[in-house]
Amino acid sequence: MDLNNLKSDPIVVVGGGFGGLSTVQALLAQSDGTPIILIDQSPRFLFKPLLYELLSGELELWEVAPKYSALASELGFVFLHGCVVEIDEIEQKLITLSGIEIIYSQLVISTGVTTDFSLLENLQDYACGFSNLNDFRIIKKLINKINNSSECTNPIVIAGAGPTGVELACKLSDLVNNRVEICLIDKGKEILSQSKSFNREKAINAIANRNIKIYLEHYIASLNKNFIELSTVEIERNNSLKINYSGLVWTAGLKPCSLLLADHFSDTNKKIKVNKFLQINENQNIFCVGDMIFCENYPFPSSAQVAMQQGFLTAQNIVSLREGNKLKSFQFEDLGEMLSLGIGNASITGYGVTLAGPLAFKIRHLAYLMRMPGFSQSLKSLGSRLFSQQ
Ligand SMILES: Cc1cc2nc3c(=O)[nH]c(=O)nc-3n(C[C@H](O)[C@H](O)[C@H](O)COP(=O)(O)OP(=O)(O)OC[C@H]3O[C@@H](n4cnc5c(N)ncnc54)[C@H](O)[C@@H]3O)c2cc1C
């Protein structure tokens, strides 16, 4: 497609994660023929909740991370592979790293968050996060190293006992066959402090059945190539200890992927402030969705569920804005929570059920397949799973 020769100024979506891709899909469903361009710095959409199953080999790369080019031809949008570095809100134009300029009629920003390595000195040198395919490759290599060498016996340390830390700890423990200890560290008094109580209870059982040690009310005070130094949160009972580790995964802090425009509208946490219609107040043609935003009077959590609901609403609001109709405010509908708890095991609260074990694992997988963008993608994956079980 010739970007300089479009019939009208396109609606541009920057960032094709859960928020951005849901917006594109919902816009296409209500299309008035306006071109829709999705720009992402990665060639693949990543279904992050299934990263654990990619790590364990329960799912394959094409199932968890389909290429945008394939989704674009199936769904009917234009995909541009590039990193947006600047947005000029006066000229309604954005610029990519390779110098491409695109004029937009409405813009949706959904560039998500990334691991915040600034929280501790040396962190970037010795840790990885668990939120993209690069992190996946680093951790996969560590698992192979542990499983193929009798000398690699030091613990794997995971910082942060929220859903990502806990789910990863269970999967990793299974993948190394409990051969090395997994140390799960959190500043808080309990694991999964924001999760549903049924899921927390099942996670505690899953952890107890594995070689996982939890350090609550502890934090990583310093680290070098060989050692991690842990300290207690309460200074009175300070009890620092050193762990000789084989790998560190940091799930204890994220920061928004910043764009130049976004910087003027961000708070101290660098999140972008939006109004209840998910617009940047001063720029009614710019909407923001997903993990990178906050709304002062209408708080909501950061999750794929929220990002998708925001994407659907944003598409509706863009159509209303273009037709001169009233916009709708965002209201989060909590559909529940599903946790992956080791190979072939999961826990579900919500969707009308509380369930744990292998059946919950299958239901979780099916529920996520139904959410996978692109019908033929879901069907292909479903088919391959059904046949592989015969
Ligand atoms: C391991 C893991 C498991 C999770 N499990 C669950 C779960 O079970 N349930 C749940 O609800 N949530 C879950 N989440 C959270 C969920 O994935 C996020 O809340 C969701 O992805 C947020 O969507 P988003 O659109 O804001 O950002 P993302 O999905 O992160 O997408 C952002 C996109 O923007 C692109 N991008 C960034 N900067 C630029 C740029 N400058 N130019 C172009 N493109 C750019 C990125 O490449 C990316 O594709 C999980 C997260 C992780 C990491």
It is to be established whether one or more residues within the stretch 51-72 are surrounded by fewer than 16 Cβ atoms within 10 Å (Cβ to Cβ), more than 30 Å from Leu175 (Cα to Cα) and either without any contact (Cβ under 8 Å) to a residue 60 or more places away in the chain or not assigned by TED's automatic domain parsing to the domain that holds Ser246 (or both). yes
Which of the residues spanning the stretch 120-135 are in a helix (DSSP H, G or I), in contact (Cβ under 8 Å) with a residue 40 or more places away in the chain and in contact with a helix residue (DSSP H, G or I) (Cβ under 6 Å, 6 or more places away or on another chain)? Leu123
I'd like the full set of residues that are away from the ligand (no atom under 13 Å from the Cβ), assigned to a loop (DSSP other than H, G, I, E, B) and in contact with a Leu (Cβ under 7 Å, 6 or more places away or on another chain), limited to the stretch 143-170. Ala161
Selected residue [free of Cβ contacts under 8 Å to residues at least 60 places away in the same chain and of a type in the set (A, V, I, L, M)] from Ile212, Ile146, Ile228: Ile212
Which of (1) modelled with pLDDT under 95; (2) touching a helix residue (DSSP H, G or I) at 6+ places or on another chain (Cβ under 7 Å); (3) over 28 Å from Met308 (Cβ atoms) does Ile156 not meet, given it meets every other one? (1)
Check on Ser150, polar (S, T, N, Q), under 23 Å from the mean Cα position of the chain (by Cα) and assigned by TED's automatic domain parsing to the domain that holds Ser246: no
Does Ile138 meet the test of being under 24 Å from Phe45 (Cα atoms) and within 12 Å of the ligand (Cβ to nearest atom)? no
Just one of Thr115, Thr96 is surrounded by 15 or more Cβ atoms within 10 Å (Cβ to Cβ), free of Cβ contacts under 8 Å to residues at least 60 places away in the same chain and hydroxyl-bearing (Ser, Thr, Tyr); which is it? Thr96
Please state which of the following conditions Leu223 fails to meet, knowing it meets all the rest: (1) within 30 Å of Gly357 (Cβ to Cβ); (2) more than 16 Å from the ligand (Cβ to nearest atom); (3) aliphatic (A, V, I, L, M). (1)
In the set Phe79, Phe47, which member is under 30 Å from Asp174 (Cα atoms) and within 23 Å of the chain's Cα centre (by Cα)? Phe47
Assess whether Leu75 counts as being within 12 Å of the ligand (Cβ to nearest atom), modelled with pLDDT under 95 and either of a type in the set (A, V, I, L, M) or buried (at least 18 other Cβ atoms within 10 Å of the Cβ) (or both). no
Matching residues in the stretch 321-347 - criterion: being of a type in the set (A, V, I, L, M, F, W, C) and either closer than 30 Å to Val176 by Cβ or within 16 Å of the ligand (Cβ to nearest atom) (or both): Phe330, Phe332, Leu335, Met338, Leu339, Leu341, Ile343, Ala346
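The values are calculated or read from the model by the stated rules, or taken from the named source; none is laboratory data. Since we're looking at a predicted model, the values are computed, not measured. Note that we place each Cβ from the backbone using ideal geometry, even for glycine, and neighbour counts take in every protein chain shown.
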